[in-house]
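The values are calculated or read from the model by the stated rules, or taken from the named source; none is laboratory data. No experiment lies behind these values; they were computed from the predicted model shown. With ideal geometry, Cβ positions are generated from the backbone for all residues, glycine too; neighbour counts draw on all protein chains shown. Heavy atoms of the whole protein, side chains included, go into the accessibility calculation; ligands, DNA and RNA do not. Shrake-Rupley method; radii C 1.70, N 1.55, O 1.52, S 1.80 Å.
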Amino acid sequence: MIAPVTLHHRNRDWVATELSGDIRDFHRALPGYAPTPLVSLPEVARELGVAHVFAKDESQRLGLPAFKALGASWAVHRAVKSLPAGDTVTIVTATDGNHGRSIARFARLAGQRAAIWVPRGVHPDAIQAIVDEGAHVTVLDAPYDEAVAAAALTAEQPGHILIQDTAWEGYEEIPQWIVDGYDTLFAEIDEQLAAAGVARPNLVAVPTGVGSLLQAALVHYRSAGRGESTAVISVEPEAASCMAPSLAAGHPVSVQTGQTIMSGLNCGTPSSLAWPAIVNGLDAALSITEDADIRAAHDLARLGVAAGPCGASGLAGVRVALGGDRPGADSEAHRKHLGIDEHSTIVFAVTEGVDANPLPA
């Protein structure tokens, strides 16, 4: 069994290359763009014994209920821009829900077709939302990794382009475009914290599937001038916790996944593209139970943040790491490792709204 908290000693000499402002400018120019809310949660701050806790609420991002719209919009834009004028292609991907819906939306807006592969365990409402975007959807009775393989095979046909949010050897350029698109989320956090009179976050918790959003967070917070200031932790469901075993092995490893309500995080293999940032920049890998996640979602709803199961996992992970109102024997050691005290500011990404992936009744 994977331990709930795996502390990792990051490479303090590693510095990421900061992205240019072109991506943020692209997102600003999209119809309906607005920064998503950064919601202050003083009740949670008191529970955790820190100065501030903020939730970055991605439940409405560019008209979609998840952060995935940022990476999908940028990647589809880059892919379509490279086509000869007037050409039409089928954009292919595999998804646990939100990525596929976003790809389908921006493919349609760009005048392209979309073919989406979905693994077992995805909520029927999430599948229907992809269909409603005009995509052709194939549901595969297999885990996520096999759906990715099926999508990649489909994309080998003429007139097809794979836009997948995980990378492997020989397939890295397009996943990097997706990761780059996510930087807008963290740039907004910087601006919103500054407006609230907070210099920087001391801890950022990132719900993690294959690690693309985690990679974006690590690149952002480990770029020049930010490398020593912010601890970053990954949060995964117990049923699909591949970051801790990979850190222990020193290279990406695959784990057998089970069923989880956090379907968007039900991924058993870290992205090879994300791995250098993870092994060099991550401070801890967290795994959470279904019960802890449901509790976090209900608490967020009571506080006015409508988080789906994946979106609530950041709060559940922070509670596991720091103890919260149920402190464990190791919580003080975790706080010391992460540099957290009563003056700290914590931010977690609410990566999806409840409309993207409904909670169980």
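Summing charges over neighbours of P119, with a neighbour being any other residue whose Cβ is under 12 Å away from its Cβ, gives -3 when K and R count +1 and D and E count -1.
Listed by chain and number, the aspartates and glutamates whose C-alpha is less than 16 Å from the C-alpha of K68, apart from same-chain residues fewer than 8 away, are D57, E58, D96, E133, D165, D180, D183, E188, E352, D355.
On the chain, 53 percent of the accessible area sits on carbon and sulfur atoms, based on a 1.4 Å probe. For the chain, the longest principal axis of the Cα atoms and the long axis of helix 183-195 meet at an angle of about 40 degrees. Around the amide H of R61, modelled in the peptide plane, lie the amide H atoms of A66, all under 5 Å away and 5 or more residues distant in sequence or on another chain. Available extension along the chain between D330 and K81 is 84.5 nm, counting 0.36 nm per residue and deducting the alpha carbon span. Extension gain, V131 to D190: 0.36 nm times the residue separation minus the Cα-Cα distance gives 17.7 nm.
Here's the picture: a label point sits 7 Å out from the Cα of E146 along the beta-carbon direction, and within the range 74-116 the residues with their amide nitrogen under 17 Å of it are 94-96. Note on R46 and E18: the model spin-label points, each 7 Å out from Cα along the C-beta direction, lie 3.8 nm apart.
Annotation: lysines with alpha-carbon distance below 27 angstrom to K336 (same-chain offsets under eight excluded): K56. Accessible surface area normalised per residue over the chain is 39 Å², counting heavy atoms of protein chains with a 1.4 Å rolling probe. Rounded to the nearest 10 degrees, the inclination of helix 290-302 to the longest alpha-carbon principal axis of the chain is 90 degrees.
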